[in-house]
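These notes concern the structure reproduced below.
The values are calculated or read from the model by the stated rules, or taken from the named source; none is laboratory data. These numbers were taken from a predicted model, which means no experiment stands behind them. Every residue, glycine among them, receives a Cβ derived from its backbone with ideal geometry; neighbour counts consider all protein chains shown. Heads up: the accessible areas ignore ligands, DNA and RNA and are worked out on the full protein's heavy atoms, side chains in. Shrake-Rupley method; radii C 1.70, N 1.55, O 1.52, S 1.80 Å.
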Amino acid sequence: DAGITQSPRHKVTETGTPVTLRCHQTENHRYMYWYRQDPGHGLRLIHYSYGVKDTDKGEVSDGYSVSRSKTEDFLLTLESATSSQTSVYFCAIAPGVGTDTQYFGPGTRLTVL
Amino acid sequence: AQSVTQLGSHVSVSEGALVLLRCNYSSSVPPYLFWYVQYPNQGLQLLLKYTTGATLVKGINGFEAEFKKSETSFHLTKPSAHMSDAAEYFCAVRGNSGGSNYKLTFGKGTLLTVNP
């Protein structure tokens, strides 16, 4: 399995509070992605990174920001959490060459009350 | 632009029966196609992928999928279902160039139930 960890694995927070989720990889892969998974919607891309300090928006980026100061870490921040951001968040990594495959972390279950 | 349609949000089969999960895609460039499986409370695991070459692709756990360009389909099959196959399955597509930033577009998933 690809070396991807996510922290925390579970979090309950209140509306209006800031939340940061961390994705850590040991594969030295160039690309990192944040998805959210909701019933009936599959996985939707929030933000992704194609290198240190290089990030871009996905299809559901409103209310989220990201940072990548090191190859191995990709942070997802909810500046002011809302109940609509209750979801399961997955990080994925990809080497960024060739046919390429995305490998997924175990997920973080976030509940916003 | 790319999109994926998975026909049937829930498929139920008997143990030992054929599994057929349907996936149709839309892509403006030749696609790379993927099937992932998600077991309860776990992340996604790659089952198989089509990039180029042979259109019939074999994956893990006895699954296979066939790329049919004329039908824009990439259906997943397994001849004989096992109880351990119960999971959610996701089809995904991306363009075959680095300019796509290797982004995947996922279908909404198909939940497979296997009955004893």
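Conditions (1) at pLDDT 95 or above; (2) open to solvent by less than 20 Å² (accessible area, probe 1.4 Å); (3) touching a Phe, Trp or Tyr at 6+ places or on another chain (Cβ under 6 Å), marked per residue:
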{"site": "A:24", "(1), (2), (3)": "yes, no, no"}
{"site": "A:29", "(1), (2), (3)": "no, no, no"}
{"site": "A:36", "(1), (2), (3)": "yes, no, yes"}
{"site": "A:47", "(1), (2), (3)": "yes, yes, yes"}
{"site": "A:51", "(1), (2), (3)": "no, yes, no"}
{"site": "A:59", "(1), (2), (3)": "no, no, no"}
{"site": "A:65", "(1), (2), (3)": "yes, no, no"}
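The set of residues from the stretch A:51-62 being closer than 21 Å to residue A:16 by Cβ, of a type outside the set (S, T, N, Q) and either within 13 Å of another protein chain (Cβ to nearest Cβ) or within 13 Å of the chain's Cα centre (by Cα) (or both) comprises just one member, A:60. Filtering B:71, B:88, B:66 for residues that are farther than 30 Å from residue A:32 by Cβ and either modelled with pLDDT under 95 or within 14 Å of chain A (Cβ to nearest Cβ) (or both) leaves a single hit, B:71. Once the stretch B:47-58 is narrowed to residues that are crowded, with 16+ Cβ neighbours inside 10 Å and modelled with pLDDT of 95 or more, the residue that is farthest from residue A:38 (Cα to Cα) is B:57. The strands (runs of 3 or more DSSP E) found wholly in the stretch A:1-50 and carrying at least 1 residues that are under 10 Å from the mean Cα position of the chain (by Cα) and away from every other protein chain (no Cβ under 11 Å) occupy A:19-25, A:31-38. Residue A:43 falls short of the stated requirement of being aliphatic (A, V, I, L, M) and either over 30 Å from residue B:8 (Cβ atoms) or open to solvent by 40 Å² or more (accessible area, probe 1.4 Å) (or both).
Residue check: is residue B:17 open to solvent by less than 50 Å² (accessible area, probe 1.4 Å), modelled with pLDDT of 95 or more and within 13 Å of the chain's Cα centre (by Cα)? No; evaluated as a whole, the condition is false for this residue. Within the stretch A:37-63, residues that are farther than 16 Å from residue A:24 by Cα sit with their Cβ atoms under 9 Å from residues that are of a type in the set (Asp, Glu), at 6+ positions apart or across chains, in these pairs: A:44/A:38; A:44/A:59; A:45/A:59; A:46/A:59; A:63/A:79.
Of the strands (runs of 3 or more DSSP E) lying entirely inside the stretch B:2-116, those carrying at least 2 residues that are free of Cβ contacts under 8 Å to residues at least 40 places away in the same chain are B:44-50, B:56-58, B:64-68.
The selection criterion, being among the charged types (D, E, K, R), under 12 Å from the mean Cα position of the chain (by Cα) and open to solvent by 70 Å² or more (accessible area, probe 1.4 Å), does not hold for residue B:71.
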